[in-house]
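The values are calculated or read from the model by the stated rules, or taken from the named source; none is laboratory data. Since we're looking at a predicted model, the values are computed, not measured. Reconstructed Cβ throughout: ideal geometry from the backbone, glycine too, with neighbour counts over all protein chains shown. We work out accessible area using only protein heavy atoms, side chains counted, and drop any ligands, DNA or RNA first. Shrake-Rupley method; radii C 1.70, N 1.55, O 1.52, S 1.80 Å.
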Amino acid sequence: MRMPRSPFVLVSLFLCLFFSQFAYSQDWESVMAMVADESQETISEDDFSDLEELFNNKLNINDLSDDDFSVFFFLTNFEQASLAYYVNHNRPLLSMYELQFVLGLPLQKAKLLSQFCYVAPISKSKPIEQLLREGSHVVASNTSLTNVKNDDYKESNNYQGGAQKEVLRYRFQSNNELFCGVTLKKDKGEAYSLREGFDSRSMYVQIKNRGVLSNLVVGDYNVSIAQGLILSQGFSMANSLEQSGGVQSYVLSKHSSTSEFLFSRGCGASIKIGTFQITPFVSVRNLDGKPNDEVAFPFSISKTGYHRTATEIASKQAISNTMAGVHVATRVKHLQYGFAIVQHTFSFDTISARIQNADVFYTYFKRHVRLYGEFAIDKDFRFATINGVSYALSEGVLLSSSLRYYQSDYQSFMSSAEGRQSTVGNEMGIHTNMKFSLTDKLACIVDNDVFAIPEERTTMQQPAQGTSTRFKLSYKTFSGLYMYYQCGFTRQTTKTEAGYSLPKKQSHKLYVSLPISSTMVLKTSVQVSADEQNKGFLLYEDFVWKPTSTLVLSVRFANFDAPYENRLYAWEDDVLYLFSNSQYFYSGTYNYLVVKWKLSDAVTFQTKMSCTQFSGKYELPEMYDIYPNHRKVNVNVMLLVQI
């Protein structure tokens, strides 16, 4: 049944004229700034990489499946589901202007979405030969340098390699159906030789929409299942202020980032038979780590991907890991449900271990309400579960709430779900989030999480409990002015020299993005983080100038003063593939200049020069002594060639 479109012709014409003010094509730098403003601290390298591919190879919105909408990570999970619901019930859409009728989708986000999609008749899949002819090739080289001699860097840190970082990427994409990529990386401190080559090597081939074979990835890939209780590879926004209401993501996707831990290596395929989608996957790879004396899991796994010191090199890919699993889902009207089974096998010489998980999950969406949940068990029948609801009380008002309970000894690997800890287990909580629009320009978010950690942990020999409350008030106009105030208040059991206490911790942030002209934008932010003993402070000013259509300059001037315990985070511009959410701690100034210059249609040059000058207020660790006068200088250079 088709969703009814507005019968009021005059109203529709007015809204189309209003929408047309911003439904125009923009350059990638402007769109990237819009995405950063919408998402703030919830951005990953994979996200921006995928979005840039989409920006250069826009999607026909009438061809998208339910899974495809999750690539628009700047939309909330309810907005993604509502958009999919509208498209499915009104396919084929006749114009991008119809996005204004999607329940709960703000016009500002519709504006952003229009930069990645277009409207055309439903198309058929193209033959492989045609995809190979029509695809685009990209080769990008990134080099990062610092103001330290390689010999000094190696000697002071006992590293095997110098202070430069090298990343080489090749990407191929054709019609959102065929993808291929190769990534080579050497981190700072890692050795490089002509014989050994780069320390990290990754590649993938992905093909979609081949009849019953809806998705196939060979090489390195990511698997994310339901809410992440048994497996969640790639980036997770489960605890984001903006992205409440459960997780909605691809089950199977290519691994295109430089992460050396969160991925699988082998093959995965999604097969669609009627209303069923079956996704088997298998992975065989080696992990960094070493054996330990733990009975439950006799291995210590390293997740950093660094191989700089003799100890890190000795544990490089020392543990064999085999993973196999299957994900099965089906849909009945508004209800999607299914199950998944995953098994990990680990071995080192004569030592071995297995982690086995199974789950059932569901998602129900109909107009104003979205229900979701997952129940998972391990091989010893310990369980973890999360269930939630999102309800649109009225236009512009969305209430989300979830209940989670993870047993203390629940065991899983590469899982990540909503919670206060980096692993799934030993936690319970109730999370509530409410978003509402006060006017067409003014919006508010109120978020509260009440949690408990029932059993003692290695870092704290007693149970813990706490609350976290966050508030955000934002103002945005169609002329480009964007500003918000955000604060957070947390109380959590903490171990101190005097014993255990429940101290208060708070944070405040004021952010303003002001267009000075059609080519200039000024951004200012003030942040404070404080507890009962210490306080952190950060002030920065960004100036973005686009003097020509091919040149963008970005400058930051920042002052910071924060103990490490009160460190602050701020998004900052960088060269392509090196998007940063940097930490600020100790005391000093930080400045950078980013130059992005499109030399031709095929060649792009980008560089970032940054300088951190530490003051003498805090005693710096010895590792900072290698920087002359405690001044740290970094230079990133990127050269991209597109064919």
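Restricted to the range 184-205, and to residues that are part of a strand (DSSP E or B) and open to solvent by less than 10 Å² (accessible area, probe 1.4 Å), which residue is modelled with the highest pLDDT?
It comes out as Tyr204.
Are there any pairs, at least 6 apart or on different chains, whose C-beta atoms fall under 7 Å, with the first in the range 48-65 and of a type outside the set (A, V, I, L, M) and the second at pLDDT 75 or above and assigned to a helix (DSSP H, G or I), and if so, which?
Cβ pairs passing all conditions: Asp50/Val71.
With the structure loaded, tell me whether Val217 is touching a residue at least 40 places away in the same chain (Cβ under 8 Å), assigned to a strand (DSSP E or B) and among the aliphatic types (A, V, I, L, M) or whether it fails that test.
yes
Report, by residue number, each residue of the range 140-170 that is aliphatic (A, V, I, L, M) and open to solvent by less than 70 Å² (accessible area, probe 1.4 Å).
Ala140, Val148, Ala163, Val167, Leu168
Does the range 144-163 contain any residue that is within 22 Å of the chain's Cα centre (by Cα) and either within 22 Å of Glu622 (Cβ to Cβ) or of a type in the set (Gly, Ala, Ser) (or both)?
no
In the range 595-622, what count of residues is obtained for those that are open to solvent by less than 40 Å² (accessible area, probe 1.4 Å) and touching a helix residue (DSSP H, G or I) at 6+ places or on another chain (Cβ under 9 Å)?
4
Do we have any residue at all in the range 393-400 that's of a type outside the set (S, T, N, Q), in a loop (DSSP other than H, G, I, E, B) and either in contact with a Phe, Trp or Tyr (Cβ under 9 Å, 6 or more places away or on another chain) or crowded, with 23+ Cβ neighbours inside 10 Å (or both)?
Looking through the range 393-400, at least one residue is of a type outside the set (S, T, N, Q), in a loop (DSSP other than H, G, I, E, B) and either in contact with a Phe, Trp or Tyr (Cβ under 9 Å, 6 or more places away or on another chain) or crowded, with 23+ Cβ neighbours inside 10 Å (or both).
Could you check the range 409-434 and list, in sequence order, the residues that are at pLDDT below 90, open to solvent by less than 70 Å² (accessible area, probe 1.4 Å) and of a type outside the set (A, V, I, L, M, F, W, C)?
Result: Ser416, Glu418, Gly419, Gln421.
Given (1) open to solvent by 20 Å² or more (accessible area, probe 1.4 Å); (2) closer than 21 Å to Val217 by Cα; (3) modelled with pLDDT under 95, where does Phe263 come up short, assuming only one miss?
(1)
Within the group Tyr569, Tyr590, Tyr577, which residue is touching a residue at least 40 places away in the same chain (Cβ under 8 Å), in a strand (DSSP E or B) and open to solvent by less than 40 Å² (accessible area, probe 1.4 Å)? Full working, then the answer.
Working: Tyr569 fails: open to solvent by less than 40 Å² (accessible area, probe 1.4 Å); Tyr577 fails: in a strand (DSSP E or B).
Result of the check over Tyr569, Tyr590, Tyr577: Tyr590.
Which ones in the range 534-552 are among the small types (Gly, Ala, Ser) and touching a Pro at 6+ places or on another chain (Cβ under 9 Å)?
Gly536
Counting just the residues of the range 378-392 that are touching a residue at least 24 places away in the same chain (Cβ under 8 Å) and open to solvent by 30 Å² or more (accessible area, probe 1.4 Å), which one comes out nearest to the chain's Cα centre (by Cα)?
Phe383
Testing Phe543 on (1) touching an Asp or Glu at 6+ places or on another chain (Cβ under 6 Å); (2) open to solvent by 30 Å² or more (accessible area, probe 1.4 Å); (3) not aliphatic (A, V, I, L, M), one condition comes back false. Which one is that?
Status for Phe543: all satisfied but (1).
Condition check ((1) farther than 23 Å from Val637 by Cβ; (2) in contact with a helix residue (DSSP H, G or I) (Cβ under 8 Å, 6 or more places away or on another chain)) across all residues:
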{"residue": "Ile128", "(1), (2)": "yes, no"}
{"residue": "Val138", "(1), (2)": "no, no"}
{"residue": "Ser141", "(1), (2)": "no, no"}
{"residue": "Asp152", "(1), (2)": "no, yes"}
{"residue": "Asn158", "(1), (2)": "yes, yes"}
{"residue": "Glu166", "(1), (2)": "no, no"}
{"residue": "Asn175", "(1), (2)": "yes, yes"}
{"residue": "Ser202", "(1), (2)": "no, no"}
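Pull out all pairs, ordered by first then second residue, where Cβ-Cβ is under 6 Å, the residues are six or more apart or on different chains, the first lies in the range 303-314 and is open to solvent by 80 Å² or more (accessible area, probe 1.4 Å) and of a type in the set (Lys, Arg), and the second is modelled with pLDDT under 95 and assigned to a loop (DSSP other than H, G, I, E, B).
Lys303/Phe261
Taking Tyr569 and the conditions (1) in contact with a Ser or Thr (Cβ under 9 Å, 6 or more places away or on another chain); (2) modelled with pLDDT of 90 or more; (3) not aliphatic (A, V, I, L, M), which numbered condition does it fall short on, given that it satisfies the others?
All conditions pass for Tyr569, except number (2).
Which residues, counting only those in the range 94-108, are more than 23 Å from Leu393 (Cα to Cα), assigned to a loop (DSSP other than H, G, I, E, B) and open to solvent by 50 Å² or more (accessible area, probe 1.4 Å)?
Within the range 94-108, the first condition is being more than 23 Å from Leu393 (Cα to Cα), and the residues that meet it are 94-97.
Within this subset, residues satisfying the condition of being assigned to a loop (DSSP other than H, G, I, E, B) are 94-95.
Hit for the range 94-108 is Leu94, nothing else.
For the range 498-536, how many residues meet the condition of being touching a residue at least 60 places away in the same chain (Cβ under 8 Å) and in contact with a helix residue (DSSP H, G or I) (Cβ under 7 Å, 6 or more places away or on another chain)?
Total meeting the criteria: 1.
Any idea how many residues of the range 444-485 are open to solvent by less than 50 Å² (accessible area, probe 1.4 Å) and in contact (Cβ under 8 Å) with a residue 60 or more places away in the chain?
5
Give the residues of the range 363-377 that are open to solvent by 30 Å² or more (accessible area, probe 1.4 Å) and within 13 Å of Tyr337 (Cα to Cα), sorted by residue number.
Here is the first cut: in the range 363-377, the ones open to solvent by 30 Å² or more (accessible area, probe 1.4 Å) are 363-364, 366-369, 371, 375, 377.
Hits for the range 363-377 are Thr363, Tyr364, Leu371, Phe375.
Listed residues Val342, Val328, Val360; which is open to solvent by less than 30 Å² (accessible area, probe 1.4 Å), part of a strand (DSSP E or B), of a type in the set (Val, Ile, Thr) and within 30 Å of Val87 (Cα to Cα)?
Checking each option against the conditions leaves just Val328.
Of the numbered conditions (1) part of a loop (DSSP other than H, G, I, E, B); (2) among the hydroxyl-bearing types (Ser, Thr, Tyr); (3) farther than 30 Å from Ala191 by Cβ, Tyr159 fails exactly one; give the number of that condition.
Among (1) part of a loop (DSSP other than H, G, I, E, B); (2) among the hydroxyl-bearing types (Ser, Thr, Tyr); (3) farther than 30 Å from Ala191 by Cβ, the lone unmet condition for Tyr159 is (3).
Quickly run through the range 254-302 and pick out the residues that are in a strand (DSSP E or B), touching a residue at least 40 places away in the same chain (Cβ under 8 Å), under 29 Å from Gly338 (Cα atoms) and of a type in the set (A, V, I, L, M, F, W, C).
Result: Cys267, Ala269, Ile271, Ile273, Phe276, Ile278, Phe281, Val282.
In the range 54-93, how many residues are of a type in the set (Phe, Trp, Tyr), outside any helix (DSSP H, G or I) and within 21 Å of Lys124 (Cα to Cα)?
The total comes to 0.
Return a yes/no flag: does the range 512-528 have any residue that is of a type in the set (A, V, I, L, M), open to solvent by less than 60 Å² (accessible area, probe 1.4 Å), closer than 30 Å to Pro628 by Cα and modelled with pLDDT of 90 or more.
Going residue by residue through the range 512-528, those that are of a type in the set (A, V, I, L, M) are 512, 514, 516, 520-522, 526, 528.
Subsequent filtering for residues that are open to solvent by less than 60 Å² (accessible area, probe 1.4 Å) retains 512, 520-522, 526, 528.
Then drop every residue that is not closer than 30 Å to Pro628 by Cα, which leaves 526, 528.
Next, from what is left, pick out any that are modelled with pLDDT of 90 or more: 526, 528.
Within the range 512-528, one or more residues are of a type in the set (A, V, I, L, M), open to solvent by less than 60 Å² (accessible area, probe 1.4 Å), closer than 30 Å to Pro628 by Cα and modelled with pLDDT of 90 or more.
Output the residues belonging to the range 583-602 that are closer than 13 Å to Asp542 by Cβ and hydroxyl-bearing (Ser, Thr, Tyr). Show your work before the answer.
Restricting attention to the range 583-602, the residues satisfying the condition of being closer than 13 Å to Asp542 by Cβ are 590-594.
Tyr590, Tyr592, listed by residue number.
Which one is modelled with the lowest pLDDT, of the residues in the range 72-107 that are in contact with a strand residue (DSSP E or B) (Cβ under 6 Å, 6 or more places away or on another chain) and closer than 24 Å to Tyr475 by Cα?
Looking at residues that are in contact with a strand residue (DSSP E or B) (Cβ under 6 Å, 6 or more places away or on another chain) and closer than 24 Å to Tyr475 by Cα, I get Gly104.
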